[in-house]
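Shown next, in structure tokens, is the structure this report addresses.
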Amino acid sequence: MTVPSESTASLAALAPLEAILFDVDGTLCDSDPLHYQAFREMLQEIGFNGGVPITEDFFVENIAGKHNEDIAELLFPDDIPRGRIFTEDKEAMFRKLASGQLTAVSGLYKLKKWIEDHGLKRAAVTNAPRPNAELMISSLGLSDFFQAIVIGGECEHAKPHPEPYLKGLDLLKASKEHTIIFEDSVSGIKAGVAAGVATIGITTRNPEHQLMEAKPTFLIKSYDDPKLWAALEALEKKDD
């Protein structure tokens, strides 16, 4: 007889499961390389960092998963209005790059079918601007899958504040005790944990040790990860 792993036990406590909330960038699709490319090229063009291109480490530590208002303050502390214009222009460049280039994180459609088969409620909760979120969700063929889309910039507080996830729960009329969040960034995991929801981190791009600092329930490499399916199977048994 196998002893249930910590991850298996931790999801079993959520039975009966009601809802699944997903981040978008890096969680539904591996979009961070396109964001990195846009920031790298545009910052170099304006002579940021003395014209030396930003590194991927700089991007991961300072930009990935953060709201544009926070990014504007970080990159342009002495001219935040300029920072806001810059981030808007960068998002337009991202959408141009993203058209036709987005692929789903491995195993996403298998999980989508499992969610639909179990009649669970679902929402996307993201710090991305609405045009980006809608482009990514549509490109992945998920427009009809999500029953709600929550945009951090349309809330009083974006992630890492829990408000976007709490709003998602409210829109779905789901309880935090019976919901799972999937997230790929430190900022997003912090938001999910602060909302009191079991949050699974996905290691699409961000370093495992950084994600663990945000205290996720557990980490998976993709939606094909056997650890995830063992946990969902245990949850189903608890439901029965």
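Read-outs throughout are calculated quantities, based only on the coordinates presented, and are distinct from any laboratory measurement. What you are looking at is a predicted structure, and each value in this text was computed from that prediction instead of being measured. Cβ atoms come from the backbone with ideal geometry, glycine included; neighbour counts cover every protein chain shown.
Quick notes
- Remark: the Lys227-Arg84 segment gains 47.4 nm on full extension, using 0.36 nm per residue and subtracting the alpha carbon distance.
- Prolate/oblate/rounded call for the range 79-169, Cα gyration tensor, a/c under 1.5 rounded: oblate
- Whole-Å distance, taken between Cα centres, linking the range 21-68 and the range 167-214: 21 Å
- When only alpha carbons of the range 101-240 are considered, Rg and Dmax amount to 14.4, 41 Å.
- Among beta bridges from DSSP that stay inside the chain, the antiparallel ones total about 5%.
- Subset of Lys113/Lys167; Lys96/Lys221; Lys167/Lys215; Lys112/Lys237; Lys112/Lys238; Lys110/Lys190 violating a 23 Å alpha-carbon distance limit: Lys113/Lys167; Lys96/Lys221; Lys110/Lys190
- Note that the range 124-136 has calculated 3J(HN,Hα) couplings of 9, 10, 9, 8, 5, x, 3, x, 5, 4, 5, 4, 5 Hz, one per residue in order, obtained from phi through the Karplus relation 6.51 cos²θ - 1.76 cosθ + 1.60 (θ = phi - 60°); glycine and proline are x.
- Per-peptide packing, taken as the mean over residues of other Cβ atoms within 10 Å, places 197-205, 18-26 in the sequence 18-26, 197-205 from highest down.
- ³J(HN,Hα), Karplus 6.51/-1.76/1.60, whole Hz, each residue of the range 202-207, x for Gly, Pro: 10, 8, 4, 9, 6, x
- Karplus-derived HN-Hα couplings along the range 188-198 (A = 6.51, B = -1.76, C = 1.60, θ = phi - 60°), whole Hz, x at Gly and Pro: x, 5, 4, 5, x, 5, 5, 7, x, 10, 4
- Alpha-carbon spread of the chain, three principal axes, descending order, Å: 60, 33, 32
- Set of the range 165-193 residues, backbone N closer than 14 Å to the point 7 Å along the Cα-Cβ line of Gln147: 168-176, 178-180
- For the range 10-124, the residue among Phe22, Leu75, Tyr36 whose Cα projects farthest onto the positive side of the dipole built from Cβ charges is Phe22.
- If the chain linking Leu171 and Lys110 were pulled fully straight, counting 0.36 nm for each residue of separation and taking away their Cα-Cα distance, it would gain 19.5 nm.
- Whichever lysines have a C-alpha closer than 17 Å to that of Lys90, once near sequence neighbours (fewer than 8 apart) are set aside: Lys66
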